[in-house]
Number of protein chains: 2
Amino acid sequence: MKDKQPSVSHDRLLHYLQELYQAAGLSAADADVCAQCTVKTNLWGVDSHGVLRTPVYIERILKKAINPTPEITYEANAEGPFSLMNGDGGMGYVVATRAMEAAIEKARRFGIGIVLVKNSNHFGAASLFTRMASDVGMLGAAVTNVKPNIGMPGAKAPVTGNNPLALAAPIGQPYPFSLDISMSAVSGGKILLAQKKGEKIPDTWAIDADGNPTDDPFKGFAGILLPTGMHKGLGLSFFIDIITGVMSGGPFLQDLKSMYKHADEPSLTSHLLMAIDPAMFQSRESYEERIAAWAAMIKATPMTDPSKKQIIPGEIEYMIEQTRKAEGIPIPPELIMDLTALEERLGLSEHLPVNE
Amino acid sequence: MKDKQPSVSHDRLLHYLQELYQAAGLSAADADVCAQCTVKTNLWGVDSHGVLRTPVYIERILKKAINPTPEITYEANAEGPFSLMNGDGGMGYVVATRAMEAAIEKARRFGIGIVLVKNSNHFGAASLFTRMASDVGMLGAAVTNVKPNIGMPGAKAPVTGNNPLALAAPIGQPYPFSLDISMSAVSGGKILLAQKKGEKIPDTWAIDADGNPTDDPFKGFAGILLPTGMHKGLGLSFFIDIITGVMSGGPFLQDLKSMYKHADEPSLTSHLLMAIDPAMFQSRESYEERIAAWAAMIKATPMTDPSKKQIIPGEIEYMIEQTRKAEGIPIPPELIMDLTALEERLGLSEHLPVNE
C-alpha cells in the first residue's frame with residue numbers, strides 16, 4: 001500500500017494518449033510523438049511535466065491556440081550547421097522533436113548542429129529532446145524562453161522567465177547524463193507544499209509582491225520566484241532569452257504569453273536545440289572509454305556513508321523508470337476526471353485504462 | 001580617503017605588465033595579450049582574477065610549467081565551424097584569445113564558430129574572451145574545466161570543479177550583457193571573510209571535510225565548497241567537464257592539476273570558446289532594434305525603490321571601469337611586495353608605478 005494513487009501501465013497510457021491527441025486533430029505520427037513524450041516524462045518521475053499537462057495542451061489544440069497540423073519549415077540557412085525553423089504554432093513536443101532530429105543530422109555532417117525555433121509552444125520537459133541526442137551517441141542541449149516569472153529582490157514584478165536548460169551526454173551507463181533545470185531557485189509547487197506543511201521558506205526562494213525578502217510561503221507564492229543562485233540564474237535566464245526570442249525574431253520577456261493566462265493564444269515560444277558529436281576529435285571507442293572512466297571516477301568519490309555512491313544526473317530518473325515500468329504510472333484522481341471529461345467531449349471510444 | 005590602498009593607473013599598469021611578461025620570456029605580442037587581459041579584469045573590479053594572479057603566472061612561466069613560446073595549432077577540422085586547437089601548454093590568456101579570434105572568424109562564415117582547446121592553462125576571467133565576441137557584435141560563450149573543488153553533502157572529497165561559464169551579448173548599451181559565473185555557491189574567499197568577521201555561514205556554502213552540513217566558516221573552509229543551486233550547479237559543472245576535458249582528449253575531474261599545488265606542472269586545462277552571430281537570421285538593424293527593446297524592457301521593471309533600476313549583468317563592471325580609469329586600480333601591499341621581488345629577479349628596469 002505504499003502507493004494508494006490509481007495508476008496506469010505505461011504502454012496502455014501511450015496508446016490512450018495517441019488516440020486522444022489524434023481525436024483532437026493531430027496526425028497519427030504527431031499524436032504518437034505527443035504520447036511518447038508524455039509517457040517518457042512520467043516514467044522518469046517528472047510528473048509536473050507529464051500527463052498532468054495533457055488536458056491544457058488538448059484544450060489549446062481544440063481552441064487552435066496550438067496549430068494541430070503545422071507546416072514546420074526552415075526559415076533560413078537550411079543547409080548550414082545553424083538553421084532557423086518556423087514551428088507554425090504547432091505542439092511544442094512535435095516542433096522541438098523535429099528540430100532536434102534536424103540538429104542531430106547537422107551534427108553528423110559538421111560535428112555540431114543547431115536549430116533555432118520560432119513560433120512554437122510549451123514543449124514539456126526539455127530533457128525529452130536532449131535525450132534524443134544522447135540516445136544516438138551525441139551531446140544534446142535544449143533551451144526555451146517562457147513568460148517572465150522570476151525576479152530579484154527589490155523588483156515588484158518578474159523580469160524574466162525561469163527559462164529551462166537541459167543537457168545530456170551518453171556516458172556508457174544504462175542511463176545518459178541528463179540534467180534538466182529551470183532558472184528559478186524552486187518551483188511554485190514547492191512553496192505551496194510549505195504552505196500545506198505550515199513551514200517557513202528560506203529567503204532564497206521568493207520575494208513578496210513588493211519585492212521584499214520573505215520567509216512566509218503565502219507571501220512568497222503571491223510574490224515572485226527568485227532565480228537559482230540569484231544573479232547566476234538571472235543571468236543565465238537573460239542569455240537564454242536573447243539566444244532564443246531575440247535572435248529568432250519571436251517575442252521575448254514581457255511579450256511572451258502564458259499558456260494558462262492566455263489559453264486562446266499561441267505562445268510563440270522560441271527554442272534552441274543543439275547536438276554535438278563528442279567523438280568528433282577522437283575515435284568513438286576512445287570517447288566511450290574516456291567517458292566510462294569519467295563516470296567511474298565520479299562513482300569512486302569517497303562518501304560519508306560508505307554504502308552510498310555519488311549520484312550522476314539522470315540516474316534517479318532511470319531508477320524511477322524501472323519501477324514505473326513494472327508498477328505503472330500514478331495518476332492523481334483530479335486528472336482522471338479531467339481526462340474523462342475530454343474523452344467524452346472528443347467522443348473517444350477508449351477510456352483511461354486506470355488500474356487495468 | 002575612501003580608498004586607502006595604493007593604486008596604479010591602468011595605462012601605466014598595462015605597460016609595466018607588458019615589460020614583466022616579456023622579461024619572463026613571452027613574445028612582445030603575447031606579453032601584450034597578457035597585460036591587456038590583466039588590466040581589463042581589474043578595471044571591471046574582478047580583482048580576484050586580475051594582477052593578483054600575475055606572480056603565480058610568472059612563476060609558472062619561469063618554471064616552464066607554462067610554455068612561454070607555444071606553437072598554437074589546429075589539431076582537427078581546421079576549416080569547419082567546430083575545430084580542435086592545441087594550446088601547446090601556453091599561457092591561458094594567450095591560448096584562449098587565439099581560440100576566440102578563430103571562433104569569431106568561423107561565426108562570420110557559418111553563423112556559429114566553436115573552438116575546443118586542449119593543453120592550455122588557467123585563463124583568468126572567462127568573460128575576457130566572451131567580451132571579444134560582444135565587442136564585434138556577436139554572442140560569446142566560454143567554459144573551462146578546473147581541478148575538482150566542489151562536492152555534494154554526503155561526499156568526503158570534491159567531485160568536480162567549479163568550472164566557470166561566461167556569456168556575453170551586445171545589447172546597444174555602453175556595456176555588453178556579460179555574465180561570468182562559477183559553479184560553486186560562493187568562492188573560498190567569501191568563507192574566509194566570514195571567518196574574519198566571526199560570522200556563521202549559510203548551510204548552502206560548504207560542507208565539512210567529512211561531507212556533513214556546517215555553518216562554521218573554519219570547518220567549511222577546511223571542507224568542500226557546495227555547488228550553486230546544489231544539483232543544478234553540480235550538473236552544469238559535469239557537462240562542462242565532458243564538453244571540454246573528455247571531448248578534447250585532455251584530462252578531466254581528478255586528473256586535472258591545480259596551478260598552486262602543482263606549480264611545476266602544466267595544468268593541461270581544456271576550454272571551449274563559442275561565437276554566434278545574433279544577426280544571422282535578421283538584419284543587423286533589426287537585431288540592434290530588438291536587443292535595445294529587450295534592455296529597455298528590463299530597465300522598465302517596477303522597483304520597490306522607484307529611484308532604482310534593475311541591473312543588467314555587465315553594468316556594474318562598466319561603472320567600476322569608469323571609476324578606476326579615473327582613479328586608478330587598487331593594489332594590495334602584499335602584491336606590491338611580490339611584484340617588486342619579481343622585478344628584481346627578472347632584472348626589470350621598470351618598477352610598479354604605484355601612486356604615480
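The values are calculated or read from the model by the stated rules, or taken from the named source; none is laboratory data. These figures come from a predicted structure and were not determined experimentally. Quick reminder, even Gly has a Cβ in these numbers, built from the backbone with ideal geometry, and neighbours come from all protein chains shown.
What the table shows:
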quantity: Selection within region A:321-339 - of a type outside the set (A, V, I, L, M, F, W, C) and not in a helix (DSSP H, G or I); calculated: A:Gly328, A:Pro330, A:Pro332
quantity: Given (1) free of Cβ contacts under 8 Å to residues at least 24 places away in the same chain; (2) part of a loop (DSSP other than H, G, I, E, B), number of the condition B:Phe123 does not satisfy; calculated: (1)
quantity: Qualifying residue in region B:146-157 (condition: in contact with a Phe, Trp or Tyr (Cβ under 9 Å, 6 or more places away or on another chain), outside any helix (DSSP H, G or I) and not aromatic (Phe, Trp, Tyr)); calculated: no
quantity: Enumeration of residues in region A:195-214 that are of a type outside the set (S, T, N, Q) and without any contact (Cβ under 8 Å) to a residue 24 or more places away in the chain; calculated: A:Lys196, A:Lys197, A:Gly198, A:Glu199, A:Lys200, A:Ile201, A:Pro202, A:Asp203, A:Trp205, A:Ala206, A:Asp208
quantity: Qualifying residue in region A:313-327 (condition: in contact (Cβ under 8 Å) with a residue 60 or more places away in the chain and of a type in the set (Ser, Thr, Tyr)); calculated: yes
quantity: Count of region A:43-79 residues which are touching a helix residue (DSSP H, G or I) at 6+ places or on another chain (Cβ under 6 Å) and without any contact (Cβ under 8 Å) to a residue 60 or more places away in the chain; calculated: 2
quantity: Scan of region B:110-137 for residues that are farther than 21 Å from B:Pro68 by Cβ and β-branched (Val, Ile, Thr), ordered by number; calculated: B:Ile112, B:Ile114, B:Val115, B:Thr130, B:Val136
quantity: Qualifying positions in region B:12-35 - surrounded by fewer than 19 Cβ atoms within 10 Å (Cβ to Cβ) and part of a loop (DSSP other than H, G, I, E, B); calculated: B:Gly25, B:Ser27
quantity: Filter result (outside any loop (DSSP other than H, G, I, E, B) and buried (at least 19 other Cβ atoms within 10 Å of the Cβ)) within region A:279-288; calculated: A:Tyr287
quantity: Subset of region B:278-295 (residues that are within 28 Å of the chain's Cα centre (by Cα) and of a type in the set (Asp, Glu)); calculated: B:Glu288
quantity: Candidates A:Ser83, A:Ser127 - the one that is more than 10 Å from every other protein chain (Cβ to nearest Cβ) and not hydrophobic (A, V, I, L, M, F, W, C); calculated: A:Ser127
quantity: Number of positions in region A:222-272 that are over 16 Å from B:Gln282 (Cβ atoms) and in a loop (DSSP other than H, G, I, E, B); calculated: 17
quantity: Selection count, region B:147-179, where residues are under 19 Å from B:Asp277 (Cα atoms) and either of a type in the set (D, E, K, R) or without any contact (Cβ under 8 Å) to a residue 40 or more places away in the chain (or both); calculated: 1
quantity: Residue list for region A:215-250, filter: without any contact (Cβ under 8 Å) to a residue 60 or more places away in the chain and either over 16 Å from A:Ser184 (Cα atoms) or facing another protein chain (nearest Cβ under 9 Å) (or both); calculated: A:Asp215, A:Asp216, A:Phe218, A:Lys219, A:Thr228, A:Gly229, A:Lys232, A:Gly235, A:Phe239, A:Ile242, A:Val246
quantity: Residues that are of a type in the set (S, T, N, Q), more than 17 Å from the chain's Cα centre (by Cα) and either under 20 Å from A:Ile291 (Cβ atoms) or surrounded by fewer than 24 Cβ atoms within 10 Å (Cβ to Cβ) (or both), drawn from region A:132-185; calculated: A:Gln173
quantity: Counted residues, region B:108-124 - those being more than 9 Å from chain A (Cβ to nearest Cβ), over 19 Å from the mean Cα position of the chain (by Cα) and either surrounded by fewer than 24 Cβ atoms within 10 Å (Cβ to Cβ) or acidic (Asp, Glu) (or both); calculated: 2
quantity: Matching residues in region A:73-89 - criterion: being touching a Ser or Thr at 6+ places or on another chain (Cβ under 8 Å) and buried (at least 18 other Cβ atoms within 10 Å of the Cβ); calculated: A:Leu84, A:Met85, A:Asn86, A:Gly87, A:Gly89
quantity: Any hit, region A:296-319, residues being away from every other protein chain (no Cβ under 14 Å), surrounded by 13 or more Cβ atoms within 10 Å (Cβ to Cβ) and modelled with pLDDT of 95 or more; calculated: yes
quantity: Region B:253-278, subset at the interface with another protein chain (Cβ under 10 Å from one of its Cβ atoms) and farther than 29 Å from A:Phe82 by Cα, residue surrounded by the most Cβ atoms within 10 Å (Cβ to Cβ); calculated: B:Leu253
quantity: Test set (1) surrounded by 21 or more Cβ atoms within 10 Å (Cβ to Cβ); (2) in a loop (DSSP other than H, G, I, E, B) - A:Gly45 fails condition number; calculated: (1)
quantity: Residue in region A:188-203 that is surrounded by fewer than 24 Cβ atoms within 10 Å (Cβ to Cβ), part of a loop (DSSP other than H, G, I, E, B) and within 11 Å of chain B (Cβ to nearest Cβ) present; calculated: yes
quantity: Some residue of region B:87-98 being within 14 Å of another protein chain (Cβ to nearest Cβ) and part of a strand (DSSP E or B); calculated: no
quantity: Scope region B:26-76; condition over 27 Å from B:Leu179 (Cβ atoms) and of a type in the set (D, E, K, R); matching residues; calculated: B:Asp30, B:Glu59, B:Arg60, B:Lys63, B:Lys64, B:Glu71, B:Glu75
quantity: Hits in region B:1-11 (condition: over 19 Å from B:Ser349 (Cβ atoms) and assigned to a helix (DSSP H, G or I)); calculated: B:His10
quantity: Among residues of region B:61-111, those that are small (Gly, Ala, Ser) and under 14 Å from A:Gly111 (Cβ atoms), counted; calculated: 5
quantity: Test result for B:Ala99, free of Cβ contacts under 8 Å to residues at least 12 places away in the same chain and either buried (at least 17 other Cβ atoms within 10 Å of the Cβ) or of a type in the set (A, V, I, L, M, F, W, C) (or both); calculated: no
